[in-house]
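The values are calculated or read from the model by the stated rules, or taken from the named source; none is laboratory data. All figures in this text were calculated on a predicted structure; none of them were measured in a lab. Note that each Cβ is placed from the backbone with ideal geometry, even for glycine, and that neighbours are counted across all protein chains shown. Note: accessible area is taken over every heavy atom of the protein model, side chains too, but ligands, DNA and RNA are not part of it. Shrake-Rupley method; radii C 1.70, N 1.55, O 1.52, S 1.80 Å.
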Amino acid sequence: MKRTLFALFLITTLLVGLACERRGGGTTASDTGPILVGYYGDLSGRTSSFGQSTKNGVEMAADELNKAGGIDGRTIQIITEDDQGEPNKAATVVTKLINQDKVHAILGEVASSNSLAAAPKAQEAKVPMISPSSTNPAVTQVGDYIFRVCFIDPFQGEVMAKFSANNLKAKRAAILYDFNSDYSRGLFQFFKRSFTGMGGQIVTEQSYTQGDRDFSGQLTAIRSASPDVIYVPGYYGEVGVISNQAKQLGIKAPLLGGDGWDAPQLWELGGASLNGNYISNHYSVDDPSPAIQKFVADYKARFNILPDALAALGYDSMKVLADAIKRAGTTESAKLRDAIAQTRDFPGVTGKITIDGDRNAVKPAVVLKLQDLKFVYETTISPEGSAPPATSSAAPASGATTAATAGTAAPPAKAASPTN
Ligand code: PHE
């Protein structure tokens, strides 16, 4: 009797333990059947171009994978949520994807402020999240379930500082940044640190907030400071207008920006006033590499538009996730997290993707010139010693990276990229 009771006690403890572990694993999503991937992005707000392009890339990748038989016979199912580009809504839809849809993993967001608001929900529930394109360093610092497949802004800011000083011979820079955006505030600081570190001077710092339509006050102050270049690390919706107004005020200095300018709508807003400006970005459609050209052709055939960096990064994020699920042999959350963390030299459209100890990807950036409603490839800038770092000490988490102009992998600058 005693023995039987003891055995019963043991079995009960075991079962309860198993149940707890399942819950402790954070998700009750099934480990068999379709692989549920939550995608969240801005599909209707001020940065909806970002969310739409990324969604296209994610879906194209999932369709390719499913056509090839899925992952170990399981099909990938994308569940999409629109956060309207608002941080609080991003947190809400991610909570819904986790609790209601019981997704195995999450892809998103683009804008860093939205990723920063939603990432704590994924981390708390232990559901792996991969941001395709949020570049602010704080995003992956939220926790060990949060990853990204793009470079980070200490590097991106340095790329433009180097390009300004070395290629444009700029000594005096003005800054016009978006006060409410983590992305913009971060890039402003990183650019400033790098540019002044190289002996350059910041002649004025001006700001605005998303949705503003009149920048004449800031631009007049900038004109008076007579800068050689004007760094505007914002999103396309404001930047297009800023470019127009700068031209109207007779400002000749080029505007310089980051990946946040990348949207077809930029050209609608800024038109010819954008000629002669430069941005840093994740890839160029001009790149002659067969993998990129195949991606560009497939995407164009499907969506009838050229893929911008968001589309390419969305595509890469889904492929990296699929690769990790395959290597893990399961969608169980801790194992999937470990497999994503172990991603090495994954051949993405946007470059080789290796996840470093801080859960970021270390990759080169391209500089593109804005000319005749096109982004034209100018140069590639690589992180110094860009061999995949084995430990976090080699990772550019706090901007320790230095940029060096790489003479390699340069697509022909003459190749014109149609409007995208
Ligand atoms: N890097 C931007 C951010 O973190 C988002 C972005 C990426 C926008 C790529 C356009 C292209 O907010």
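Is it fair to say R337 is in contact with a Pro (Cβ under 7 Å, 6 or more places away or on another chain) and open to solvent by 20 Å² or more (accessible area, probe 1.4 Å)? Yes, satisfied. Inclusion of V127 among residues that are over 17 Å from the mean Cα position of the chain (by Cα), over 22 Å from N180 (Cα atoms) and among the aliphatic types (A, V, I, L, M) is warranted. Among the residues of region 238-265, those that are open to solvent by less than 10 Å² (accessible area, probe 1.4 Å) and not charged (D, E, K, R) comprise V239, G240, I242, S243, A246, L255, L256, G257, G258, G260, W261, A263. Just to be sure I understand the filter: pairs with C-beta atoms under 7 Å, separated by 6 or more residues or on different chains, first member in region 142-162 and within 20 Å of V103 (Cα to Cα), second member within 11 Å of the ligand (Cβ to nearest atom) and not in a helix (DSSP H, G or I). Which pairs pass? What qualifies is R148/S131; R148/S134; V149/P132.
Which one of the conditions (1) in contact with a strand residue (DSSP E or B) (Cβ under 9 Å, 6 or more places away or on another chain); (2) more than 21 Å from I78 (Cα to Cα) does H104 fail to meet, given that it meets all the rest? Only one criterion is unmet by H104, namely (2). Every condition in (1) assigned to a strand (DSSP E or B); (2) within 16 Å of the ligand (Cβ to nearest atom) holds for T80 except the one numbered (2). Inside region 266-317, can you point out the residues that are within 16 Å of the ligand (Cβ to nearest atom), of a type in the set (S, T, N, Q) and open to solvent by 10 Å² or more (accessible area, probe 1.4 Å)? Passing the criteria: none in range.
Listed by position, the strands (runs of 3 or more DSSP E) enclosed by region 146-214 that each have at least 2 residues that are within 19 Å of the chain's Cα centre (by Cα) are 146-148, 172-178. Give the residues of region 99-118 that are open to solvent by 20 Å² or more (accessible area, probe 1.4 Å), touching a residue at least 60 places away in the same chain (Cβ under 8 Å) and in a helix (DSSP H, G or I), sorted by residue number. Selection gives S113, L116.
Cβ-Cβ contacts under 6 Å between residues 6 or more apart (or on different chains), taken from a first residue in region 244-267 that is closer than 20 Å to E378 by Cα and not assigned by TED's automatic domain parsing to the domain that holds V229 to a second residue that is hydrophobic (A, V, I, L, M, F, W, C) and open to solvent by less than 30 Å² (accessible area, probe 1.4 Å), are absent. Please enumerate the residues belonging to region 336-360 that are under 18 Å from the mean Cα position of the chain (by Cα) and of a type in the set (A, V, I, L, M). Hits for region 336-360 are I340, A341, V349, I353, I355.
Note on region 118-136: residues that are closer than 15 Å to Y39 by Cα and within 16 Å of the ligand (Cβ to nearest atom) total 8. Taking A165, is it farther than 20 Å from T47 by Cβ, surrounded by 24 or more Cβ atoms within 10 Å (Cβ to Cβ) and more than 16 Å from the ligand (Cβ to nearest atom)? No.
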